[in-house]
Amino acid sequence: MLLQLKMLSEAMYRGYRVLDTSRYRTLQDSACFDEVSIKDSSSSSIYLAIPLKRSRTTTEKDDKAMCLESLGALESLEVAIANMAEFVLLLGGCERMSRRPYDIYLYTDNFMFGRHAEKQKLLSFLLQHRPAGDAPAILPIIGGAKVGKKTLVTHVCGDERVCSCFSSVLHLSVIEFASDVSDDDWKNFHSFLLTKGRGSHIIIISRIQRLARFGSVKPIFLSVLSYDEWRYLFKTLAFGSVDPAEHPRLLKIADEVARQLHTQGSLVATNAYADLLRRNLNAQFWHCLLDKGIRMIKRNIAMYGVHPSMLIEQGHPVDITDFAMHPLRMIPYTTNVSIKKESPSVTFGELLADPSVRPKEDFILISWESRIPPHNVFSNFVISRAQDTDEGSALPGRKRRGVPI
């Protein structure tokens, strides 16, 4: 059932993407061009002329590609729904999702999106009865940075069935492992579990795949959502209660923003961008934010040789000059730096919407405050680099490139 559900979901998300692309192609055939003026505080107007009227050669090629893509999406849906009579019958006993398309963002904003198979596997593990004298069952959950490991565990542990099954649920945040754990250290910890935790269920959360060897059951691997699923989530959050079909030009921009965010693999950035875009459904505003994001990525690759998402994950500074229209460098809040508790704070959305809100001194940048358990606040420390004598140094083993103007 979980495999069938995964296939059906992937086919559905792909179908939505193909349908949106088809709508935009229809708009292209009925218009000449769309000229958008972008202004910021540091430069004159920038005019983006987006050609919508396609040449005959381009039209023929695009139509052929669109036809193949549509047929592929249709075939995926047909395969997914084949022989699903029993599956549909069993779904009758499952929790229902909202049927109201234009207010689903209110629910998506407050519960964990997707991960149906992973949630069910974790729930089944926790609800599996174990006699009090048995050794604890151990389930590793392995995944990259900010893919939702803690959110998944918190979501499932909040289920009424889980709460009624255990006398207590303990969340231990002892240490963040930067490397593998030795077998001897694990044996010591496991001995403690045998003494104090018989009959319990233990969940290990880590980015390190080798830690999966300590599990007593098959691990759950959390990867980044597929592009089609990521795009669907971003579109749902960014348009809110508005029907995206009424804004085909914004849909095209949303595709580009979603593509950039997907390369980062950060659900934090996705929520932050979507929350800001939803407040202003204007093509000029959306283009401006997209342009800032692209320039920020190019600037950091030119300076350090790697994508800014990798810099953040590894604890290195990230240049955010393009977001604030002022030379600034962002440092992960967990980095060992001297941070004053009274430092002013600004949200990521506030800084993008109006760079003038930037405090004159160093400040805390709140990227996102999660609305779902465990209600994490994702913060970074921002320092001015206006006095820097150089534009930055390449990371070890990487060459610097020219910084884009």
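The values are calculated or read from the model by the stated rules, or taken from the named source; none is laboratory data. Note that the structure is predicted; figures quoted are calculated from it, not measured. Positions of Cβ are generated from backbone atoms using ideal geometry, with glycine treated the same way; all protein chains shown enter the neighbour counts. Protein only, heavy atoms only, side chains kept; ligands, DNA and RNA dropped before computing areas. Shrake-Rupley method; radii C 1.70, N 1.55, O 1.52, S 1.80 Å.
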Among (1) part of a loop (DSSP other than H, G, I, E, B); (2) open to solvent by 40 Å² or more (accessible area, probe 1.4 Å); (3) within 23 Å of SER266 (Cβ to Cβ), HIS155 falls short only on (1)
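Quickly run through region 129-143 and pick out the residues that are surrounded by fewer than 16 Cβ atoms within 10 Å (Cβ to Cβ) and touching a residue at least 40 places away in the same chain (Cβ under 8 Å). Don't jump to the end; show me each part of the working.
Restricting attention to region 129-143, the residues satisfying the condition of being surrounded by fewer than 16 Cβ atoms within 10 Å (Cβ to Cβ) are 129-135.
Matches in region 129-143: ARG130, PRO131, ALA132, GLY133, ASP134, ALA135.
Regarding region 253-261, can at least one residue be identified that is closer than 23 Å to ILE366 by Cβ and of a type in the set (Lys, Arg)?
Pass one, region 253-261, residues closer than 23 Å to ILE366 by Cβ: 257-258, 260-261.
Now drop any that are not of a type in the set (Lys, Arg), which leaves none.
The answer is no; no qualifying residue exists.
In region 159-180, what count of residues is obtained for those that are over 25 Å from HIS116 (Cβ atoms) and at pLDDT 85 or above?
Looking only at region 159-180, we keep the residues that are over 25 Å from HIS116 (Cβ atoms), and these are 167-168, 170, 172-180.
Okay, now just the ones that are also at pLDDT 85 or above, so none.
The total comes to 0.
Take residues that are at pLDDT 70 or above and loosely packed, with under 12 Cβ neighbours inside 10 Å and tell me which of the helices (runs of 4 or more DSSP H) falling wholly in region 1-100 contain 3 or more.
Details: elements: 2-29, 56-81, 85-91.
Helices (runs of 4 or more DSSP H) meeting the threshold: 56-81, 85-91.
Just the residues that are of a type in the set (Lys, Arg), closer than 30 Å to ASP275 by Cβ and assigned by the TED database to the domain that holds HIS171, please, taken from region 190-239.
From region 190-239, those of a type in the set (Lys, Arg) are 196, 198, 207, 210, 213, 218, 231, 235; that's our starting set.
Now drop any that are not closer than 30 Å to ASP275 by Cβ, which leaves 207, 231, 235.
ARG207, the sole residue that qualifies.
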I'm trying to understand the selection: among the residues of region 350-378, which are of a type in the set (Gly, Ala, Ser) and surrounded by 19 or more Cβ atoms within 10 Å (Cβ to Cβ)? SER367
